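The structure under discussion appears below in the form of C-alpha cells.
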Amino acid sequence: MSFYYWGANKRMITDEISQLTRARSAQPILNFDLARELTQQHGSPLLVVSRSKLIDTYWAMKEAMPGVDLFYAAKSNPDHHILSTLCGEGAFVDICSHGELRAALDAGFTPDRMLHTHPCKTEDNLLPCYEAGVRWFVFDNQLEARKIAQLTPDVNLLLRLAVTASSSMINLSAKFGAPMEEALEILLAAREMGLSVRGFSFHVGSQCMDPADYCSALQRVRDLWNQASELGFDLEMLDIGGGFPAPYRHDAPSVSSFCSTIWNGLQESFGDLQIRLIAEPGRGICAESITLVTKVIGKNNRWGVPWYFIDDGLYGSFSGKVFDHTDFPLLYENSGNRELFPCVVAGPTCDSSDVVSRDQMLPDLEVGELLLVPCMGAYAGASASPFNGLPVARSVAID
Ligand SMILES: *Cc1c(COP(=O)(O)O)cnc(C)c1O
C-alpha cells in the first residue's frame with residue numbers, strides 16, 4: 001500500500017471563494033504501486049490519463065449546466081486518449097487549427113460536432129477546416145469578416161466579445177474579442193458583406209476562480225443581444241467560452257458549485273430565449289484526469305541545499321509553469337514519517353532556468369524514486385517541447 005503526502009506543499013486556502021463553495025484539491029489519479037508498474041512497462045516520464053476521471057468531470061459539468069452543449073477545447077490537451085474518450089461520451093469539440101481538426105477527426109468527432117474558435121485565421125487554417133465540413137467559426141473584427149466573406153462566405157459566425165473578469169489567472173480578452181461598444185458596428189458590416197452572424201461568444205479568461213464573472217458578462221451580453229435583435233439580427237447561439245478552474249497548489253471550487261452558479265446566471269439573463277447554449281471548457285474538463293509520473297535521475301548538495309534532478313521539466317510537461325502560470329504540487333511516497341527539507345527540484349535539460357520548484361518541502365529523495373504530479377491534464381503536455389534532444393513524456397490511459 002502506498003500513500004502520498006504533501007502537507008507542507010499545499011498552500012493555505014485563503015480566498016473567500018474556497019470558504020463559500022465546496023473546494024476540491026489536486027489529487028493524483030493513481031498510486032505509487034501502479035505508477036511503478038506503468039513506468040516499468042512504458043518508461044518515465046509518463047503522463048497517465050484516467051478515462052473514468054475525465055468522464056466523471058465531463059458529466060459533473062453537464063449535470064450542473066443542463067442543456068448546455070460542451071465543446072471541449074482541444075487546445076488544452078489534444079491527446080488522443082482524451083479526445084476519443086470525450087467523443088465517446090457525446091461531447092462536442094472546439095478546434096483552432098488544421099492540426100486540431102485532424103486530431104479531432106482521428107478521435108472520431110465528425111465536423112458537425114466541431115466549432116472553430118480561432119478569431120484570426122490564415123487561409124491554410126480556414127480552408128482545410130471548411131473543406132472538411134466545419135461550418136461554425138468565430139471572428140472579432142471587420143478585417144476577419146472580409147477574409148471569411150472572400151474564402152468561405154456560407155459559414156455560421158459567432159462574434160467574439162471582449163469581457164473583463166477580475167478573478168481569472170489568464171486574461172484571454174487581452175488578445176481577442178471585440179469591444180462591446182463596437183459590436184453592433186461589426187455586426188452591421190458583416191451583414192453588408194453577406195455573412196451570417198448567429199450569435200456571440202466570450203471567454204472570461206482561463207482558470208477563472210469566481211463564477212460571478214460569467215454572470216456579469218452574461219448581463220452585458222444580453223443587453224447587446226437585445227440591441228442586435230432590434231436591428232433585425234436573428235441570433236440563435238450563445239457561447240460562454242471556457243475558464244472553468246482546476247485545483248493546483250491552490251484549491252478550486254467544485255465543478256458542481258461553480259457550474260451551478262453559471263447556470264443560474266444563464267437562466268437569469270437568457271432563460272426567456274429559445275437559443276442554443278454552449279461552453280468551451282478545456283482545463284476544467286481535462287486537468288484533473290492526468291497525473292505525471294516522473295523519476296529522480298540525480299541529486300546534488302549545492303552550497304548546503306539539496307538539489308533533485310527529475311526526468312521532466314519546464315521544457316516538458318512542466319511547461320505549464322511557464323506559459324500557463326500554474327504551480328503543480330509534487331507528491332512523494334510513504335511520507336507520514338519522512339522528515340522534510342527545503343530543496344530545489346530541477347528538470348533534465350542543461351538550461352539553468354529549467355527549475356521546477358524552489359519552495360516545496362521534500363524528504364531526502366533517492367535516485368530512481370518516483371514523484372507524482374497531479375492535475376497535469378491541461379496546458380502541460382500540450383505545450384511541451386523536445387528541447388535538448390529530450391523526448392516529451394509519453395501518455396498512457398487507464399480506466
Ligand atoms: C483556450 C480557450 C478555451 C479553453 O479555455 P479553458 O480556460 O481551458 O477552459 C476555450 N475557448 C477559447 C476560444 C480558447 O482560446
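Can you tell me which residue in the range 138-147 is nearest to GLY243 (Cα to Cα), limited to those that are buried (at least 22 other Cβ atoms within 10 Å of the Cβ) and among the hydrophobic types (A, V, I, L, M, F, W, C)? Filtering the range 138-147 for residues that are buried (at least 22 other Cβ atoms within 10 Å of the Cβ) and among the hydrophobic types (A, V, I, L, M, F, W, C), the one nearest to GLY243 (Cα to Cα) comes out as VAL138.
Within the range 282-328, can you find the residues that are among the basic types (Lys, Arg) and farther than 21 Å from PHE32 by Cβ?
Across the range 282-328, the qualifying residues are ARG283, ARG302, LYS321.
Here's a check for you: in the range 304-340, which residue that is more than 15 Å from ARG358 (Cβ to Cβ) and of a type in the set (A, V, I, L, M, F, W, C) is surrounded by the fewest Cβ atoms within 10 Å (Cβ to Cβ)? Checked the range 304-340; the qualifying residue surrounded by the fewest Cβ atoms within 10 Å (Cβ to Cβ) is PHE323. Here GLU100 does not fit the description of being assigned to a helix (DSSP H, G or I) and over 26 Å from LYS321 (Cβ atoms). Being polar (S, T, N, Q) and out of contact with any strand residue (DSSP E or B) (no Cβ under 6 Å at 6 or more places or on another chain) is a property that SER319 has. Put simply, of GLU100, GLU123, GLU144, GLU131 the only residue that is closer than 27 Å to VAL293 by Cβ and of a type outside the set (S, T, N, Q) is GLU100. Among the residues of the range 154-205, those that are open to solvent by less than 10 Å² (accessible area, probe 1.4 Å) and within 25 Å of the chain's Cα centre (by Cα) comprise LEU157, LEU158, LEU159, LEU161, VAL163, ALA178, GLY199, PHE200, SER201, PHE202, VAL204, GLY205. Being out of contact with any Asp or Glu (no Cβ under 6 Å at 6 or more places or on another chain) and assigned to a helix (DSSP H, G or I) is not true of PHE244.
Counting only residues that are within 26 Å of the chain's Cα centre (by Cα) and either modelled with pLDDT under 95 or open to solvent by less than 70 Å² (accessible area, probe 1.4 Å) (or both), the range 264-303 holds 23 of them. Checking each residue in the range 286-312 for being closer than 21 Å to LEU46 by Cβ and hydrophobic (A, V, I, L, M, F, W, C) picks out CYS286, ALA287, ILE290, LEU292, VAL293, VAL296, ILE297, PHE309, ILE310. Take ARG191 and decide whether it is in a helix (DSSP H, G or I) and touching a helix residue (DSSP H, G or I) at 6+ places or on another chain (Cβ under 7 Å). Taking the combined requirement at face value, the residue does not satisfy it. Number of residues in the range 34-93 that are over 25 Å from PHE258 (Cα atoms), aliphatic (A, V, I, L, M) and surrounded by fewer than 22 Cβ atoms within 10 Å (Cβ to Cβ) equals 2.
Could you tell me which residue of the range 115-135 is farthest from HIS203 (Cα to Cα), considering only residues that are of a type in the set (D, E, K, R) and in a helix (DSSP H, G or I)?
It comes out as GLU131.
Condition check: aliphatic (A, V, I, L, M), out of contact with any Asp or Glu (no Cβ under 7 Å at 6 or more places or on another chain), more than 30 Å from VAL293 (Cβ to Cβ) and within 15 Å of the ligand (Cβ to nearest atom). Does VAL93 satisfy that? In short, no.
Residues that are of a type in the set (A, V, I, L, M, F, W, C), more than 16 Å from the ligand (Cβ to nearest atom) and either crowded, with 17+ Cβ neighbours inside 10 Å or part of a helix (DSSP H, G or I) (or both) within the range 219-236 comprise LEU224, TRP225, ALA228, PHE233, LEU235, listed in sequence order. Can you find a residue that is part of a helix (DSSP H, G or I) and either within 16 Å of the ligand (Cβ to nearest atom) or at positive phi (or both) anywhere in the range 138-146? Yes, the range 138-146 contains a residue that is part of a helix (DSSP H, G or I) and either within 16 Å of the ligand (Cβ to nearest atom) or at positive phi (or both). Pairs linking a residue in the range 166-185 that is closer than 21 Å to LYS121 by Cα to a residue that is within 9 Å of the ligand (Cβ to nearest atom) and at pLDDT below 95, with Cβ atoms under 6 Å and 6 or more positions apart or on different chains, are ASN171/GLY205; LEU172/GLY205.
On the given criteria, is GLY377 open to solvent by less than 70 Å² (accessible area, probe 1.4 Å), at positive phi and assigned to a loop (DSSP other than H, G, I, E, B)?
When the stated conditions are applied, GLY377 does not pass them.
Counting only strands (runs of 3 or more DSSP E) wholly contained in the range 254-334, the ones carrying 2 or more residues that are away from the ligand (no atom under 16 Å from the Cβ) occupy 290-302, 305-310. For the range 109-127, the criterion of being in contact (Cβ under 8 Å) with a residue 24 or more places away in the chain, among the aliphatic types (A, V, I, L, M) and surrounded by fewer than 16 Cβ atoms within 10 Å (Cβ to Cβ) is met by at least one residue.
The values are calculated or read from the model by the stated rules, or taken from the named source; none is laboratory data. From a predicted model like this one, the values you see are computed outputs, not experimental measurements. With ideal geometry, Cβ positions are generated from the backbone for all residues, glycine too; neighbour counts draw on all protein chains shown. What goes into the accessible areas is simple: the full protein's heavy atoms, side chains included, and nothing from ligands, DNA or RNA. Shrake-Rupley method; radii C 1.70, N 1.55, O 1.52, S 1.80 Å.
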